[in-house]
Amino acid sequence: MTTGAVPGTAAGSRVLITGAAGGFGAPTVARLLEQGARVIGLDRSVPEGAAGEHVLACDITDDAAVIGAVEAAVERLGGLDAVVHYAGIGIPNDAGGPLAPDALRVIDVNLLGAWRVTAAALPALLASRRERGGQRGRLVFVSSELAYLTLPFVSAYSVAKRGMTAYADALRLEYGTDLHVSTVYPGYVRTPIHDAGREMGLALEGQVRREEVEDIVGTVLRTLTAARPPRDTAGTRAGSLELWVGRHLPGLVGAAVARRIRRQAASGHFDGSPLAAGLVDRLASPTPSAALPRPGRTATGRSTR
């Protein structure tokens with residue numbers, strides 16, 4: 001991926017970034033500042049030093065906090081031309097388990113947080129077009145390959161990220177006359193979002209093809225500056241292929257994942273995780289109804305296609 005200057009970056013462009021102190025957000029803030037953009041980030045914690053001057057503390061699950069932080073950011077920036085949504089958390093959960101607290105928290109941060117910030121920022125983004133002679137503002141949603149590649153114990157995260165995709169599509173339909181709306185789909189990138197899964201013995205390392213931070217940061221920067229921003233984009237060519245397969249051949253992907261889960265369970269891959277114990281028991285059960293659906297079929301026998 002390219003580094004250095006980002007062609008077309010306009011000095012003085014006004015950008016709001018959520019998750020600005022995180023693994024993707026911090027380097028994006030730094031790169032945009034290098035290019036002369038004006039940037040304000042939102043994050044639960046404000047980093048120390050110069051980077052902290054460009055980040056406001058904000059809990060994006062709090063309606064009032066979001067409204068206040070976005071208003072403060074717009075005031076400091078003097079308007080708003082683009083919003084990038086990085087903020088997210090990843091906590092493993094049982095798809096058949098209780099919503100509270102973990103599943104609800106993941107959905108609230110990853111999906112509803114992006115919705116809150118967008119709604120608060122929308123008036124400034126729409127006003128920006130009038131100020132810039134008709135040039136449309138930009139919304140960039142950083143989703144995940146897991147929006148279409150379903151793996152065990154990430155159901156809340158997958159629901160949130162697929163919901164984010166649907167929300168971006170709805171915005172594009174309703175506000176596409178005034179906004180460019182793009183969705184980026186990273187693969188596995190080694191950032192702190194995976195710490196919780198690793199601590200629970202359910203690391204995604206090695207389960208999903210790895211990409212680098214620069215793959216995603218570079219993709220977001222190019223999306224912000226492209227003359228015709230993409231509707232949907234992955235961070236790499238291999239990611240683009242996987243995204244296409246996941247969206248258009250879900251039965252094939254699901255069958256492959258189910259086979260791999262069976263092999264992993266049989267080899268003891270999940271033995272260190274209490275959360276996985278139920279799945280391991282069900283896979284070991286001789287009762288057909290307790291097992292995962294056979295490849296290409298649902299539990300009722302209907303085709304997954």
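The values are calculated or read from the model by the stated rules, or taken from the named source; none is laboratory data. Since this is a predicted model, take the numbers as computed values, not measurements. In this analysis, Cβ positions are derived from the backbone assuming ideal geometry, glycine residues included, and neighbour counts consider all displayed protein chains.
Miscellaneous remarks
- Taken over segment 73-102, residues that are closer than 30 Å to Arg132 by Cα, surrounded by fewer than 21 Cβ atoms within 10 Å (Cβ to Cβ) and of a type in the set (D, E, K, R) amount to 2.
- Taking the conditions (1) touching a Leu at 6+ places or on another chain (Cβ under 9 Å); (2) under 23 Å from Thr219 (Cα atoms); (3) surrounded by fewer than 17 Cβ atoms within 10 Å (Cβ to Cβ) in turn, Gln135 satisfies each one other than (1).
- Every test in (1) buried (at least 21 other Cβ atoms within 10 Å of the Cβ); (2) closer than 22 Å to Asp108 by Cβ; (3) at pLDDT 75 or above is passed by Leu171 save one, and that test is (1).
- Leading residue by the ranking (nearest to Tyr188 (Cα to Cα)) among those in segment 229-278 that are of a type in the set (Lys, Arg) and free of Cβ contacts under 8 Å to residues at least 12 places away in the same chain: Arg237
- Flag if Val245 is within 18 Å of Thr165 (Cα to Cα) and of a type in the set (A, V, I, L, M): yes
- Summed over segment 224-243, residues that are in a helix (DSSP H, G or I) and under 17 Å from the mean Cα position of the chain (by Cα) total 5.
- Every condition in (1) surrounded by fewer than 22 Cβ atoms within 10 Å (Cβ to Cβ); (2) touching a residue at least 24 places away in the same chain (Cβ under 8 Å) is met by Glu53 except one, and the failing one is (2).
- Annotation note: Cβ proximity below 6 Å between a residue of segment 199-214 that is more than 10 Å from Thr236 (Cβ to Cβ) and in the same structural domain as Gly90 (by TED's automatic domain parsing) and a residue that is modelled with pLDDT of 70 or more and surrounded by fewer than 17 Cβ atoms within 10 Å (Cβ to Cβ) (sequence gap 6+ or interchain) occurs for Gly201/Gly272.
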